[in-house]
Amino acid sequence: MDNVATYVGALFTVFILLILVRIVLSFVPMAPSSSWTRALWDFVHQTTDWYLNVFRRMIPPLGMFDLSPMVGIIVLYILRGFVLALLDSF
């Protein structure tokens with residue numbers, strides 16, 4: 001069962017890293033010029049939008065600051081702890 005817990009923990013970590021990449025990309029000017037940077041930009045946004053939109057509906061932006069990625073990361077860490085504890089109990 002350790003292999004499953006390791007795999008699930010890695011999935012949570014990858015998703016958290018994608019959200020962190022999205023935070024960094026938010027400081028980069030819009031519309032990267034080369035095709036591979038545009039593909040990376042689109043991949044990160046499409047992968048994380050469905051999750052972050054849940055928090056955007058609950059937390060309005062504070063001026064130009066969007067707190068939904070930070071709240072999303074905190075929720076992922078809490079959920080990761082619960083899921084890994086549940087997997088360790090088997």
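Points worth noting:
- Selection within the stretch 35-52 - under 15 Å from I16 (Cα atoms) and surrounded by 11 or more Cβ atoms within 10 Å (Cβ to Cβ): F43, V44, H45, T47, T48, D49, Y51, L52
- Within the stretch 62-82, being part of a helix (DSSP H, G or I) and either touching a helix residue (DSSP H, G or I) at 6+ places or on another chain (Cβ under 6 Å) or small (G, A, S) (or both) holds for S68, P69, V71, G72, I73, L76, R80, G81.
- Scanning the stretch 17-69 for residues that are touching a Pro at 6+ places or on another chain (Cβ under 7 Å) and among the basic types (K, R) gives R22, R38.
A short reminder: the numbers here are calculations on the coordinates, not readings from a lab. Remember, predicted model here, so these are calculated numbers, not experimental data. Heads up, the Cβs are rebuilt from the backbone with ideal geometry, glycines too, and the neighbour counts pull from every protein chain shown.
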